[in-house]
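> Got a structure for you, written out below as structure tokens; questions coming shortly.
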Amino acid sequence: MNAALHVRPAPERSPSYYSATLTEETHYPTLRGEVNADIAIIGGGFTGLATAVELAERGYRVALVETHKIGWGASGRNGGQVTGSLSGDTAMDKQMRRWLGNDVDDFIWHLRWRGHQIIEQRVARYAIACDLKHGHLHAAIKPSHLDELKASYDEACRRGMGEQVTLLDSAGVHQHLDSPLYCGALKNTRNMHLHPLNLCIGEARAAASLGVQLFEHSEVLDIVHGPRPAVVTREGRINAAQVMLAGDVYHKLENKQLKGKIFPAMGGIVTTAPLGELAERINPQDLAVYDCRFVLDYYRLTADKRLLFGGGANYSGRDSRDIAAELRPCIERTFPALKGVPIEFQWSCAMGIVVNRIPQLGKLSQNVWYCQGYSGHGVATSHVMGEIMATAMTGTLEQFDTFARCKHVRVPLGDVFGNGLLAAGMWYYQLLERLR
């Protein structure tokens, strides 16, 4: 446990457990006047910061602007799980196999785990205190889920991860979790969990130490295209050779090309009061967990032994009115020992959902790039994409082109129909879930 953790209010952020337990707050200036850089980045979440660190480590001058505070959006509000799951892996295989051939299998496997390496190395290099721990369970709620777990186990063993994965039966799961729900699980010790907002703010500090100019409270009003693009805010301007848009679902920029390609799904998360010795009873190995359902529950223990629990994504694009009331039955069903436990924090997280779940990488013009859409699997994936985007903007396009060539569904009148389409799609998958 990080001894520096103290629960306290954090103005200008969502009222979450994460914002109440920051190890450090950010106080970057508002952009005023003109700034010159090699590359301007829009968005102070994981994608923007990961790309900024990569570029600065390679010697480029970078300036980054954020509308609110660093880590204000999904990067600072998510479940904090760093796993090898990839939303859209099946669609990636189908599309990318056309130009990668059988190499697509290795490409996708690399994507699953590269984010873990980047995060671990960055946390160590820049001494980022973010409660990083290893250990995860992918849990089966019914026997039909076990084939999926066995296939994942077999592939991991075939690729040399045999010492890091273990298949558990019902009795084995019960040794790890005091829960009646699960009939099996895949234990993975390469997967990790952490305090995402502290990671995000730590990466901002790392970027600043490398010379990146960071600006908060600096909403971008316009992107100037052309041979010398620029980013324009109410009070300032960044002139750069290249611009990268990394705001995911939180911006409305470049609607002509991006509208209808990504939609918000609202995930609810709660955190209980500290559980004390009860935490070791319900989760003695301090593992992160999510289940095998299409619309799943996910949870883990925090550094101060609270249960952080999320689930039940809302695909209408609107916030739930009472997240705690919605998730309490899920908590008590999962852990009967927690019946009536006080819930001290509740908040929402807008996830950028892509219809086919493949991350969207592309160019809006010759020198303006974008990267978005991790569909609920963004902690690890965003760091991989930051590396790919930095590599592309510095002249090597191979991995970028692998994603940029993918075809995506663009929904006409996306703001009107997009979330309805997602909601219908998830209803369909939930129906399949009941039948399998």
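> Multiply the residue separation of Thr90 and Arg321 by 0.36 nm, subtract the distance between their alpha-carbon atoms, and state the gained length in nm to one decimal. Working shown, then result.
Working: separation 231, 0.36 × 231 = 83.16 nm, distance 3.42 nm.
Residue separation times 0.36 nm, minus the Cα-Cα distance, leaves 79.7 nm.
> Sticking with this structure for a sec: Per residue, how much accessible area does the chain have with a 1.4 Å probe, in Å²?
Details: 17980 Å² over 436 residues.
Per-residue value: 41 Å².
> Between Glu12 and Glu398, how many nm apart are label points set 7 Å from Cα along the C-beta direction?
Going from the Glu12 label point to the Glu398 one covers 4.3 nm.
> How would you order 152-158, 227-233 from highest to lowest mean count of nearby Cβ atoms within 10 Å? Let's see the in-between values first.
Values: 152-158: 15.1, 227-233: 17.3.
Most protected by this proxy first, the peptides run 227-233, 152-158.
> Here's something else I'd like to know. Tell me the carbon and sulfur percent of the accessible area for the range 231-299, rounded to whole percent, probe radius 1.4 Å. Let's see the in-between values first.
Working: 1290 of 2650 Å².
Carbon and sulfur atoms account for 49 percent of the accessible area of the range 231-299.
> Oh, and also: Using only helices, what value at 222 nm comes out for the chain when you add -39,500 (n - 2.57) per DSSP H run of length 4 or more and divide by the total residues, to the nearest 500 deg cm²/dmol? Spell out each step's value before the answer.
Details: 13 runs with 152 residues, N = 436.
Result for the chain, helices only: -10500 deg cm²/dmol.
> Next up: Let me test this: with uniform point scatterers at the alpha carbons of the range 135-204, what is the Debye-based log₁₀ I(q)/I(0) at q = 0.14, 0.25 1/Å?
Values, matching the q order: -0.50, -1.03.
> With +1 on the Cβ of every Lys and Arg and -1 on the Cβ of every Asp and Glu, and nothing else charged, how large is the dipole of the chain about its Cα centre, in debye rounded to the nearest 20? Spell out each step's value before the answer.
Working: 46 positive and 45 negative charges, 155 e Å.
Using only the charged Cβ atoms, the result is roughly 740 debye.
> Tell me which DSSP H helices of the chain clear both cut-offs, 24 Å or more of axial length from alpha-carbon atoms and a mean Kyte-Doolittle hydropathy of at least -1.0. If you can, show how the numbers build up before the last one.
Numbers: long enough: 103-125 (32 Å, -0.75); 414-435 (31 Å, 0.36).
Result, helices passing both filters: 103-125, 414-435.
> From the phi of every residue in the range 27-41, what ³J(HN,Hα) in whole Hz does the Karplus formula 6.51 cos²θ - 1.76 cosθ + 1.60 yield, where θ is phi - 60° and glycine or proline is x?
9, 7, x, 7, 5, 9, x, 9, 10, 10, 8, 6, 9, 9, 10
> Please report the spacing between the Cα centers of the range 92-125 and the range 17-85 in Å, no decimals.
One Cα centre to the other: 23 Å.
> Taking the Cα centroid of the range 328-365 and of the range 282-300, what is the distance between the two, rounded to the nearest whole Å?
One Cα centre to the other: 12 Å.
> Moving on. Can you list the residues, at least 5 places off or on another chain, whose amide H is less than 5 Å from the amide H of Leu214, using H built in the peptide plane?
Leu64
> Right, here's the next one. Pairwise over distinct Cα atoms, reciprocal of the mean inverse distance: report the Kirkwood radius of the range 205-289 in Å, one decimal place.
Working: mean 1/r = 0.0571 Å⁻¹.
Final number for the Kirkwood radius of the range 205-289 is 17.5 Å.
> Between Asp286 and Gln121, what is the FRET efficiency for a Förster distance of 30 Å, r being their Cβ-Cβ separation, to the nearest 0.05? It would help to have the intermediate numbers written out before the result.
Working: r = 22 Å, r/R0 = 0.75.
According to the calculation, E is roughly 0.85.
> Would you work out which of Ala139, Leu111, Asn191 lies farthest towards the positive end of the dipole of the range 77-229? Charges go on Cβ: Lys and Arg +1, Asp and Glu -1.
Most positive-ward Cα: Leu111.
> Report the calculated FRET efficiency for Ser170 and Arg333 (r = Cβ-Cβ distance, R0 = 22 Å), to the nearest 0.05. Mind dumping the intermediate values first?
Numbers: r = 17 Å, r/R0 = 0.75.
Calculated transfer efficiency: 0.85.
> Still on this structure, I have one more. What residue among Val341, Tyr370, Thr391 has its Cα farthest toward the positive end of the dipole of the range 324-401, where the charges are +1 on Lys, Arg and -1 on Asp, Glu, each on the Cβ?
Val341
> Further question: Cα convex hull of the range 1-124: mean projected area in nm², to one decimal?
Values: hull surface 42.4 nm².
Averaged projected hull area, Cα only: 10.6 nm².
> Additional query: Could you give the length gained by full extension between Arg158 and Arg32, i.e. 0.36 nm per residue of separation minus their alpha carbon distance, to one decimal place?
Separation in residues times 0.36 nm, less the Cα-Cα distance, equals 39.9 nm.
> Using only the Cα atoms of the chain, construct the convex hull and provide its projected area averaged over every direction, in square nanometres to one decimal. Mind dumping the intermediate values first?
Details: hull surface 79.6 nm².
Taking a quarter of the hull surface, the average projection is 19.9 nm².
> Right, here's the next one. Could you compute how much accessible surface Asp286 exposes when probed at 1.4 Å, giving the result in Å² to the nearest 10?
Estimated to the nearest 10 Å², Asp286 gives 30 Å².
> Can you sort Glu120, Glu163, Glu254, Glu216 by solvent-accessible area, 1.4 Å probe, largest first?
Values: Glu120 70, Glu163 185, Glu254 40, Glu216 0 Å².
Of Glu120, Glu163, Glu254, Glu216, the descending order of accessible area is Glu163, Glu120, Glu254, Glu216.
> Please find the FRET efficiency linking Arg405 to Asn255, where r is the Cβ-Cβ separation and R0 is fixed at 22 Å, and quote it to the nearest 0.05. Walk me through the numbers on the way to the answer.
On the way: r = 23 Å, r/R0 = 1.05.
Efficiency at R0 = 22 Å is approximately 0.45.
> Carbon and sulfur: what percent of the range 1-116's accessible surface (1.4 Å probe)?
Values: 2300 of 4580 Å².
C and S fraction of accessible area: 50 percent.
> Now for a different question. Report, in listed order, any pair from Lys69/Lys187; Lys305/Lys339; Lys142/Lys305; Lys94/Lys133; Lys133/Lys305 with a Cα-Cα distance greater than 25 Å.
On the way: Lys69/Lys187 36 Å; Lys305/Lys339 17 Å; Lys142/Lys305 28 Å; Lys94/Lys133 34 Å; Lys133/Lys305 13 Å.
Violating the 25 Å limit, Cα to Cα: Lys69/Lys187; Lys142/Lys305; Lys94/Lys133.
The values are calculated or read from the model by the stated rules, or taken from the named source; none is laboratory data. These numbers were taken from a predicted model, which means no experiment stands behind them. Cβ coordinates were reconstructed from backbone atoms using ideal geometry, including for glycine residues, and neighbour counts include every protein chain displayed. Surface accessibility is based on the protein's heavy atoms, side chains included, excluding ligands, DNA and RNA. Shrake-Rupley method; radii C 1.70, N 1.55, O 1.52, S 1.80 Å.
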